[in-house]
1. Rounded to the nearest 0.05, what FRET efficiency do Ala324 and Gln254 give with R0 = 51 Å and r taken as the Cβ-Cβ distance? Could you check?
2. Using Cα-Cα distances under 8 Å and only pairs 6 or more residues apart, what relative contact order does the chain have, in percent?
3. Could you order the peptides 275-288, 85-98 from most to least packed, using the average number of other C-beta atoms within 10 Å per residue?
4. Normalise the Debye intensity by I(0) for region 73-196, one equal point scatterer per Cα, no solvent, then take log10 at q = 0.11, 0.12, 0.17 Å⁻¹ and round to two decimals.
5. What full-extension length gain, to one decimal in nm, is calculated for Arg13 and Asn37 as 0.36 nm per residue of separation minus the Cα-Cα distance?
6. For region 166-267, what class follows from the C-alpha gyration tensor (a ≥ b ≥ c being the square roots of its eigenvalues): rounded when a/c is under 1.5, otherwise prolate if a/b is larger than b/c, else oblate?
7. Suppose a student asked you for the relative contact order of region 116-226, using Cα pairs under 8 Å spaced at least 6 residues apart; what percent would you report?
8. So for each of 134-140, 105-111, 38-44 I average, over its residues, the number of other beta carbons within 10 Å; can you give me the resulting order with the highest mean first?
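The values are calculated or read from the model by the stated rules, or taken from the named source; none is laboratory data. These numbers were taken from a predicted model, which means no experiment stands behind them. Backbone-built Cβ (ideal geometry, glycine too); neighbour counts: all protein chains shown. Surface accessibility is based on the protein's heavy atoms, side chains included, excluding ligands, DNA and RNA. Shrake-Rupley method; radii C 1.70, N 1.55, O 1.52, S 1.80 Å.
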Amino acid sequence: MFDPGVLLRNNIRKLTPYSSAREEHQGGEIFLDANENSLGSALREESYNRYPDPLQRGLKERLAPLKGVTAEQTFLGNGSDEAIDLLIRAFCEPGRDAILICPPTYGMYAVCAAINNIDIHTAPLTPQFDLDWQAVISAATPATKLIFLCSPNNPTGNCLDRHSVAEVLERFSGIVVIDEAYIDFCPDQSWLPALDDHPNLVVLQTLSKAWGLAGLRLGMAFASPEIIRVLNAIKFPYNVNELTQNVALEALEQENRVQTMVDQIRAGREHLAQALNELPLTERIFPSRANFLLVRFREAPRIYRELQGRGILVRDRTREPGCADCLRITVGTPQENQLLINHLTQICEEL
Ligand SMILES: *Cc1c(COP(=O)(O)O)cnc(C)c1O
């Protein structure tokens with residue numbers, strides 16, 4: 001039986017977490033325990049003068065049923081980037097342990113590992129950006145505590161084959177993190193229903209992409225209650241501020257609006273792909289299930305610079321493994337997409 005406690009760093013296993021008086025003694029009417037300003041706040045309204053709920057209970061109560069999980073299986077953070085960092089800090093001993101990633105993929109896994117002095121093992125995706133589960137399992141060593149899989153993957157846009165992911169989940173004795181930042185754009189099923197069968201699974205999601213709330217900073221990690229308890233024990237006590245908790249609650253009532261935007265973005269993506277396909281400098285458009293396209297161009301660095309000179313920023317991925325000459329382009333508004341195509345058409349004519 002998988003026991004996350006065995007994988008934990010020693011100091012984390014022994015940690016006594018910070019605890020506030022309000023957490024230790026629920027209830028109370030007069031709050032003179034936390035050195036807040038009881039008169040009110042600098043704002044006109046008497047609001048935000050109290051520390052927020054450290055466990056975001058109201059928000060989790062609303063979010064968990066939406067996701068088909070329990071509040072005890074839910075961690076909320078300052079973006080899902082916080083969960084990535086906390087997972088590494090909980091399970092990887094600096095100077096000794098390692099994470100495993102499958103490049104080309106999201107950059108923060110390696111950055112968080114490097115900041116924490118954690119080794120990075122790699123098992124690259126195939127040239128078609130498929131997961132090579134055998135390569136993953138052979139690249140893992142006893143020092144490998146976490147494997148990060150991203151599906152749909154950033155920057156390639158494809159979903160990882162479910163059978164291959166399942167092989168990794170079954171065979172790896174550490175923790176498998178599946179980053180689903182783009183799952184709302186994807187017809188494939190989330191891995192959330194697999195949580196009950198896989199105590200070593202962590203699923204990451206976020207409000208930053210489909211929900212359109214990147215500025216709010218709210219990320220989610222779903223896992224067994226044991227793993228969630230560890231993340232809660234090592235996070236900053238008030239990691240999700242009250243404004244974010246309130247606005248997120250409001251946003252969760254707008255699922256229909258989000259679905260409408262998701263449909264529009266998917267339509268925009270197909271339209272953009274078609275238009276890009278007509279351009280003479282386009283070599284390959286990789287199939288995407290996210291809100292961006294990875295595109296291989298002839299003369300990608302030049303196109304990148306030309307676009308930049310015209311005020312259009314895209315993401316240069318040309319130095320990522322397997323992404324030579326590739327730019328990552330986020331799907332914009334219909335007007336933005338059209339402007340991009342107009343400029344690219346001009347650039348093609350001039351080159
Ligand atoms: C954008 C992105 C994130 C970051 O999400 P935040 O919740 O904004 O921190 C995580 N993973 C992937 C793959 C992303 O592309």
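1. 0.80
2. Reported relative contact order: 17 percent.
3. Final packing ranking: 85-98, 275-288.
4. Debye output, listed in q order: -0.34, -0.40, -0.85.
5. 5.1 nm
6. Since a/c reaches 1.5 but b/c is at least a/b, the shape of region 166-267 is classed as oblate.
7. Once normalised by length, the contact order is 20 percent.
8. 105-111, 134-140, 38-44
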